[in-house]
Structure formats: C-alpha cells, structure tokens
Amino acid sequence: MALAYLAGKEVSMVCGLQEIAETECIPPIYLRKILGELRRHRILRSIKGIHGGYSLARLPDTITVWEVNQILAPDPYLDDCILGSDLCTSADSCVLHDRWQRIRRDYVELLKTTTMAHIARSRQKRRPHSQIYENEEEW
C-alpha cells in the first residue's frame with residue numbers, strides 16, 4: 001500500500017520513509033527493503049538528505065499491480081499444477097487443470113489491468129483509517 005500512498009500524492013511530492021511507514025502501518029525496516037527494491041527497478045526514485053524521501057518515478061497510471069508483484073513476489077507456482085502433479089499439461093492434465101487455467105488467466109488479467117492510480121483513487125473515496133473513530137460519538 002506504500003505505492004498507493006505515493007500515487008495519491010502530487011507527482012513531484014517526496015514522502016519520507018517514516019511518514020509512509022506510520023501512515024500505512026508498515027514496519028520501517030521492512031518498508032526500507034521494499035522501497036529499495038522498487039527504486040532499483042525504477043518504480044520509485046529516492047532523494048537523500050534531510051528533506052529526502054521517495055516519490056514515484058513514473059505516473060501512477062503506468063504502474064500495474066502485476067509489475068510490482070513480479071518485482072516483489074514473483075510466484076513460481078502460478079504456472080504449476082494446483083494439485084502438485086509433476087506433469088500437468090493440456091494433453092495430460094489433473095482434474096482441476098482447465099478451471100485453474102481460467103482462474104489464473106483472470107487473476108493475471110486483473111493484476112495487469114489494475115494500476116496504482118486505480119488503487120489510489122479507490123482509497124481516496126474511503127475515509128482514512130485515522131478518521132473512522134475521530135470522536136467517541138461515532139462509536
């Protein structure tokens with residue numbers, strides 16, 4: 001969600017690691033590793049120094065969830081047999097092969113067509129977590 005947070009900001013705005021970590025409830029040490037990996041793949045840019053931080057290196061509507069997923073958590077099992085069979089092809093398939101291929105195709109399509117801009121817009125429509133119970137009367 002750190003990318004969606006940045007996608008919701010002005011393109012030129014730089015956000016500090018601590019700000020992102022606190023807002024998104026992500027441990028800073030873990031976040032630093034994730035953001036570093038995204039910087040190496042040119043999804044993010046970083047600025048060093050007291051007023052430094054991170055910003056998107058590209059427009060949010062050009063960064064897909066699929067691209068980020070392939071960088072951070074490529075799933076080597078997505079193409080494997082869902083039942084763990086050694087050989088599972090169209091010619092020699094398990095009982096779930098055809099259904100799994102349809103689900104996989106739809107899943108990949110969803111990730112490839114969902115951008116950080118989509119997620120940021122969706123998040124902006126909802127109230128921030130910190131405002132949910134701002135006063136006790138809302139309980």
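Filter the stretch 48-80 down to the residues that are touching a helix residue (DSSP H, G or I) at 6+ places or on another chain (Cβ under 7 Å) and either of a type in the set (Lys, Arg) or without any contact (Cβ under 8 Å) to a residue 40 or more places away in the chain (or both), then identify the one that is farthest from residue 6 (Cα to Cα). Taking the candidates together, the pick is 78.
Selection of the stretch 30-46 for residues being basic (Lys, Arg) and either out of contact with any Leu (no Cβ under 9 Å at 6 or more places or on another chain) or in contact (Cβ under 8 Å) with a residue 60 or more places away in the chain (or both) yields 33, 39, 40, 42. On the stretch given as the stretch 1-28, residues that are in a helix (DSSP H, G or I) and either under 15 Å from the mean Cα position of the chain (by Cα) or closer than 10 Å to residue 56 by Cα (or both) total 9.
Output yes when any residue across the stretch 52-69 is assigned to a loop (DSSP other than H, G, I, E, B) and either of a type in the set (Ser, Thr, Tyr) or closer than 15 Å to residue 111 by Cα (or both), and no when none is.
The answer is yes; a qualifying residue exists.
Only a single criterion out of (1) modelled with pLDDT of 95 or more; (2) in contact with a strand residue (DSSP E or B) (Cβ under 8 Å, 6 or more places away or on another chain) is not satisfied by residue 5, namely (1). Could you tell me whether any residue of the stretch 95-116 is more than 27 Å from residue 63 (Cβ to Cβ), of a type in the set (A, V, I, L, M, F, W, C) and either at pLDDT 90 or above or in a helix (DSSP H, G or I) (or both)? Yes, the stretch 95-116 contains at least one residue that is more than 27 Å from residue 63 (Cβ to Cβ), of a type in the set (A, V, I, L, M, F, W, C) and either at pLDDT 90 or above or in a helix (DSSP H, G or I) (or both).
For the stretch 47-65, check the following and say yes or no: at least one residue is at pLDDT below 85 and either closer than 18 Å to residue 124 by Cβ or touching a Ser or Thr at 6+ places or on another chain (Cβ under 8 Å) (or both). Full working, then the answer.
Keep residues of the stretch 47-65 that are at pLDDT below 85, which gives none.
Looking for residues that are at pLDDT below 85 and either closer than 18 Å to residue 124 by Cβ or touching a Ser or Thr at 6+ places or on another chain (Cβ under 8 Å) (or both), one finds none in the stretch 47-65, hence no.
The values are calculated or read from the model by the stated rules, or taken from the named source; none is laboratory data. Keep in mind that what you see is a predicted model, and the values were worked out from it rather than measured. Positions of Cβ are backbone-derived with ideal geometry, glycine not excepted, and every protein chain shown enters the neighbour counts.
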